[in-house]
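Taken together, the values in this text are just the output of simple stated rules run on the coordinates, not laboratory data. All figures in this text were calculated on a predicted structure; none of them were measured in a lab. As a convention, Cβ positions derive from the backbone with ideal geometry for all residues, glycine included, and neighbour counts pool all protein chains shown.
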Amino acid sequence: MSIIRINEFAAKDGKTDALRAQLGAILPLISGSPGCRSVRLLQDRGQPSRFLVIETWDSIDAHQAATRTIPPEALAATMPLLAGPPSGAYYR
């Protein structure tokens, strides 16, 4: 059975386009990871500064292993664009 990971992000005022670009740049790193079945970036139509990244994984372990392969500089570039801490959870 696969696992769904839903991550939520909110951009600081004036940083919506930059956050969308930054998240989009990270998606290929995620999708190329072992155990990743799919990954999508969605932007809220009513509040464009809000984003979801929806990932389908073989397992929670596969997702957690993949997060360790994202370069620290990519994560560091994302943090100043966020209005608050990102959140996420696993679903089946």
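Build a GNM of the chain with springs between Cα atoms under 10 Å apart, and of PRO80, PRO48, PRO72 the one that fluctuates most is PRO72. One chain, two ends: GLN64 and ALA89. Fully extended at 0.36 nm per residue, the span grows by 7.8 nm beyond their Cα-Cα distance. Rounded to whole numbers, the Karplus 3J(HN,Hα) couplings from phi for region 86-92 are x, 10, x, 8, 9, 9, 10 Hz, using 6.51 cos²θ - 1.76 cosθ + 1.60 with θ = phi - 60°, and x at Gly and Pro. Note on the chain: with charges restricted to the Cβ of Lys and Arg (+1) and Asp and Glu (-1), its dipole about the Cα centre is near 160 debye. Just add up the charged neighbours of ILE30: K/R +1, D/E -1, any other residue whose Cβ is under 13 Å from the Cβ of ILE30. Net charge in that neighbourhood comes out at +3.
Select one label from (1) 5.6; (2) 32.0; (3) 6.5: the one whose number is mean projected area of the Cα convex hull in nm² as derived from the coordinates shown. Computing mean projected area of the Cα convex hull in nm² and matching it to (1) 5.6; (2) 32.0; (3) 6.5 gives (1).
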